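Below is one structure; the comments refer to it alone.
The values are calculated or read from the model by the stated rules, or taken from the named source; none is laboratory data. What you are looking at is a predicted structure, and each value in this text was computed from that prediction instead of being measured. Cβ atoms come from the backbone with ideal geometry, glycine included; neighbour counts cover every protein chain shown. Note: accessible area is taken over every heavy atom of the protein model, side chains too, but ligands, DNA and RNA are not part of it. Shrake-Rupley method; radii C 1.70, N 1.55, O 1.52, S 1.80 Å.
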Amino acid sequence: MRTIQFREAVCEAMSEEMRRDESIYLIGEEVAEYNGAYKASKGMLDEFGPKRVIDAPIAELGFAGIAVGSAMNGNRPIVEFMTFNFSLVGIDQIINNAAKMRQMSGGQFNIPIVFRGPTASAGQLGATHSQAFENWYANVPGLKVVVPSNVYDAKGLLKAAIRDNDPVIFMESEQMYGDKGEVPEGEYTIPLGVADIKREGADVTIVSFGKIIKEAYKAADELAQEGISCEIIDLRTVRPLDNETILKSVKKTNRLVILEEAWPFGSISSEITYMVQEQAFDHLDAPIQRITTADTPAPYSPELLQEWLPNANDVVKAVKKVLYK
């Protein structure tokens, strides 16, 4: 096993797949000459050249559309958005074309394309640069949505996403690019739609995904000192959702807390809550608790931002609430 950074895992995944398949290319702002805004494509221009690592102008609608059209003609593009906040400029191409073309063409066109970049907050970047849109994209039939939380998962999931014949939204985090983790020397992929139990426990199930899951780990360590055993599930993919893993855990622990870095209304946690109460209601010993951001735009003030974001203390309180402690 080697220890590498999250950004290096992303770069390795793209590079390995581009060596394997010449139809794959990377397009986005500053991905070539600058080696990527977050250095996630470092060295790729030198290896693959300007025809396969393409610097695009600041025009997400344009280069997203070019990528969708090229996917219809046999290519397998990777589109990098500098942040998914900017994907809103090109969202028409993602939702009205990439997601729907296979069905609308009667299966004549597959759209093997990956849209990737950072999601959610990354410090004091203001309300328009701190939004999580996982639930927006997960709401659209035809799209798969992947949100890795660590280096190992990022590489394996991205390789699987690139090989997938349907459009995949692959959401990272600016605050995770420097994270370090172990990855194998050899080839590996992680199947989409399969959650992972990161920590086994008996008293309560905590479901989360993306960088905010780190707060669940902190809370679980604190609760363990009080004799409370938490089972932590990392969704990894939010569309399709691995209902089976969640249900199996809830049937064991009989309690559920969901942690998500997003607004509460129409969130992924809302969907999970409905699914669990429908399919495992009789196994619940307490109402499901969900933890989200405050239902406001992200503040700029560091003090307000700290209150806006979920944290380990929020998780501890929610766990004790479902345990009636």
- Message: Suppose each label sits 7 Å from its Cα in the direction of the beta carbon; what would the Lys180-Asp295 distance come out to in nanometres?
- Response: 4.3 nm
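Per 0.36 nm of contour for each residue apart, how much would the distance between Asn96 and Glu47 grow if the chain were fully extended, relative to their Cα-Cα spacing?
Details: separation 49, 0.36 × 49 = 17.64 nm, distance 3.39 nm.
Full extension from Asn96 to Glu47 adds 14.3 nm.
Efficiency by 1/(1 + (r/R0)^6): what FRET value for Asp55 and Leu323, r their Cβ-Cβ distance, R0 = 45 Å, to the nearest 0.05? Walk me through the intermediate numbers first.
On the way: r = 53 Å, r/R0 = 1.18.
With a Förster radius of 45 Å, E is 0.25.
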- Take the alpha carbon gyration tensor of the stretch 231-325, find the square roots of its eigenvalues, order them as a ≥ b ≥ c, and report rounded if a/c is under 1.5; if not, report prolate when a/b exceeds b/c, else oblate. prolate
- Message: Which log10 I(q)/I(0) values does the stretch 27-186 give at q = 0.10, 0.20 Å⁻¹ under the Debye formula, counting every alpha carbon as one identical point scatterer?
- Response: -0.34, -1.44
- Using the heavy atoms of the protein chains and a 1.4 angstrom probe, tell me the accessible area per residue for the chain in square angstrom. 42 Å²
- Net length gained if the chain between Ala286 and Thr3 were fully extended (0.36 nm per residue, minus Cα distance): 97.8 nm
- Item | Rounded, prolate or oblate (a/c below 1.5 giving rounded, otherwise prolate when a/b exceeds b/c) for the chain by Cα gyration tensor | prolate
- Got a sec? Which residues in the stretch 93-112 would a label at Ser23 touch, if it sits 7 Å along Cα→Cβ and we count backbone N under 15 Å? 102, 108-112
- Query: Stretched out fully, how many nm does the piece from Asp166 to Ala224 gain, at 0.36 nm a residue minus the Cα gap?
  - Reply: 16.7 nm
- Query: Which residue, Thr83, Thr128, Thr253, has the most motion in a Gaussian network model of the chain that connects Cα atoms within less than 10 Å?
  - Reply: Thr128
- Total formal charge among the other residues, if their Cβ is under 14 angstrom from that of Ile197, Lys/Arg +1 and Asp/Glu -1: -1
- Note on the structure: On the accessible surface of the chain, probed at 1.4 Å with all protein chains in place, carbon and sulfur together account for a percent value of 50 percent
- So the angle from the long Cα axis of helix 6-20 to the longest Cα principal axis of the chain, reported in degrees to the nearest 10, equals 40 degrees
- Message: List the residues, sorted by chain then number, that are 5 or more residues from Thr237 or on another chain and whose placed amide H is less than 5 Å from its amide H.
- Response: Val147, Gly193, Val194
- Query: In a GNM of the chain with a 10 Å cut-off on Cα contacts, which of Glu226, Glu30, Glu12 has the highest mean-square fluctuation?
  - Reply: Glu226
- The pairs in Lys180/Lys214; Lys155/Lys180; Lys211/Lys320; Lys42/Lys159 lying past 19 Å Cα-Cα in this model are Lys211/Lys320
- Message: Please check: in the Gaussian network model of the chain (C-alpha springs, under 10 Å), which one of Arg116, Arg255, Arg20 has the largest mean-square fluctuation.
- Response: Arg20
- Using a cut-off of 12 Å between beta-carbons, work out the net charge of the residues near Glu30 (Lys and Arg +1, Asp and Glu -1, Glu30 not included). -2
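Among residues other than Pro57 whose Cβ falls under 11 Å from its Cβ, what is the net charge (Lys/Arg +1, Asp/Glu -1)?
On the way: positive: none; negative: Glu29, Glu30, Asp55, Glu60.
Once all neighbours under 11 Å are counted, the net charge is -4.
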- Query: Tilt of helix 213-224 relative to the longest C-alpha principal axis of the chain, in degrees (0 to 90, nearest 10)?
  - Reply: 20 degrees
- Message: From the protein chains alone at 1.4 Å, what is the descending order of accessible area for Leu241, Leu259, largest first?
- Response: Leu241, Leu259
- Task: Could you state the angle between the C-alpha long axis of helix 151-163 and the longest principal axis of the C-alpha atoms of the chain, as a value from 0 to 90 degrees rounded to the nearest 10?
- Result: 50 degrees
- Choose one of Leu259, Ala59, Ala127: the residue whose Cα lies farthest towards the positive end of the charge dipole of the chain (beta-carbon charges +1 Lys, Arg; -1 Asp, Glu; about the Cα centre). Leu259
- Query: Under a point-charge model restricted to the Cβ atoms of Lys and Arg (+1) and Asp and Glu (-1), what is the dipole moment magnitude of the chain relative to its Cα centre, in debye to the nearest 20?
  - Reply: 440 debye
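With charges set only on the Cβ (+1 for Lys and Arg, -1 for Asp and Glu), what does the dipole of the stretch 115-173 come to about its Cα centre, in debye to the nearest 20? Intermediate results must be reported in sequence, preceding the final value.
Numbers: 5 positive and 5 negative charges, 31 e Å.
My answer is approximately 160 debye.
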